[in-house]
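Step one of this worksheet: look at the structure below.
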């Protein structure tokens, strides 16, 4: 074989098969999202491959001021809206799998029409945190999410008082559901039976409560649930609860935990699952149910 000429060496044509080259660049980008912008400068084809990965995880929070984003970018709402307006529907539909959308803080507030634009652009999202907004007006959009598996939301605000409908399309494919504050004002008396109406739901969590034993008595009837997480600090009195599925977690930072989960797959759900597995295996006392995400000495 003849030696390559200088023109051949600087031609810019890929030396690897395109599929292999693309796989290499995508793996490099997925290991850490920070270098994506630099990698996109390599060549036009690389930009085409990697730009969608910038929006695999959308994190918009008016409360986030500083902290580890676990390799992701905090995207200002205005920048996200501008990008949506310049891209095809297919771009975001095929790119976005995780969305953290939080309003109500000191940052720039999104208008309801802006929120609708963002949600409508990402119909194939699988993991959604939606908080700090009035949720009722977005119910129809939520119902259109065919691939949604994990949801954190103010469910009570979606429905009229005491009429949470767990047969609604929103809950059709959910496996993990976290309910926010106003849930307590709308919680059905037979919450265990109501959650059983969501056909795929196996994991349930909710915000801090004090009446753990009373709540557990209402939810334990749902045999499909594999993991029940209650967020709480350590209580002075520990109720006797005979249910290995129950885990009380003292969580440090739910935004950081969500980002870490989006980056690595390890979040409070996997922590709870590991604790439950340890109880079933007899490695943890069955009467224990409280853990902290900063102290995992029980794993020893």
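The set of residues in the range 88-103 being at pLDDT below 90 and assigned to a strand (DSSP E or B) consists of 102 alone.
Quick check: is even one residue across the range 238-246 surrounded by fewer than 17 Cβ atoms within 10 Å (Cβ to Cβ) and touching a strand residue (DSSP E or B) at 6+ places or on another chain (Cβ under 9 Å)? So far as the range 238-246 goes, yes, one or more of its residues are surrounded by fewer than 17 Cβ atoms within 10 Å (Cβ to Cβ) and touching a strand residue (DSSP E or B) at 6+ places or on another chain (Cβ under 9 Å).
Does residue 177 satisfy the criteria of being at pLDDT 95 or above and in the same structural domain as residue 127 (by TED's automatic domain parsing)? Walk me through it before giving the result.
On the way: at pLDDT 95 or above: yes; in the same structural domain as residue 127 (by TED's automatic domain parsing): yes.
Against the criterion (at pLDDT 95 or above and in the same structural domain as residue 127 (by TED's automatic domain parsing)), residue 177 qualifies.
For the range 248-271, state whether one or more residues are within 22 Å of residue 219 (Cα to Cα), touching a helix residue (DSSP H, G or I) at 6+ places or on another chain (Cβ under 9 Å), in a loop (DSSP other than H, G, I, E, B) and in the same structural domain as residue 221 (by TED's automatic domain parsing). Taking every residue of the range 248-271 in turn, at least one turns out to be within 22 Å of residue 219 (Cα to Cα), touching a helix residue (DSSP H, G or I) at 6+ places or on another chain (Cβ under 9 Å), in a loop (DSSP other than H, G, I, E, B) and in the same structural domain as residue 221 (by TED's automatic domain parsing). From the list 183, 159, 231, 171, the lone residue that is modelled with pLDDT under 80, within 20 Å of the chain's Cα centre (by Cα) and within 27 Å of residue 133 (Cβ to Cβ) is 183.
How many of the residues in the range 198-214 are in contact with a helix residue (DSSP H, G or I) (Cβ under 9 Å, 6 or more places away or on another chain) and at pLDDT 80 or above? Explain how you work it out, then say what you get.
Initially, the range 198-214 is screened for residues in contact with a helix residue (DSSP H, G or I) (Cβ under 9 Å, 6 or more places away or on another chain), giving 198-201, 203-207, 209.
After this cut, where a residue has to be at pLDDT 80 or above as well, the list is 198-201, 203-206.
Summing the residues that are in contact with a helix residue (DSSP H, G or I) (Cβ under 9 Å, 6 or more places away or on another chain) and at pLDDT 80 or above in the range 198-214 gives 8.
Scanning the range 127-137 for residues that are at negative phi and either crowded, with 18+ Cβ neighbours inside 10 Å or in contact with a strand residue (DSSP E or B) (Cβ under 7 Å, 6 or more places away or on another chain) (or both) gives 127, 128, 129, 130, 131, 133, 135. Is it the case that some residue within the range 190-197 is touching a helix residue (DSSP H, G or I) at 6+ places or on another chain (Cβ under 6 Å), assigned to a loop (DSSP other than H, G, I, E, B) and surrounded by fewer than 18 Cβ atoms within 10 Å (Cβ to Cβ)? No: zero hits. Of the residues making up the range 138-156, those that are at pLDDT below 85 and in contact with a strand residue (DSSP E or B) (Cβ under 7 Å, 6 or more places away or on another chain) number 2.
The values are calculated or read from the model by the stated rules, or taken from the named source; none is laboratory data. Keep in mind that this is a model prediction, so the values were computed, not measured. So basically every Cβ, Gly included, is an ideal-geometry build from the backbone, and we count neighbours across all protein chains shown.
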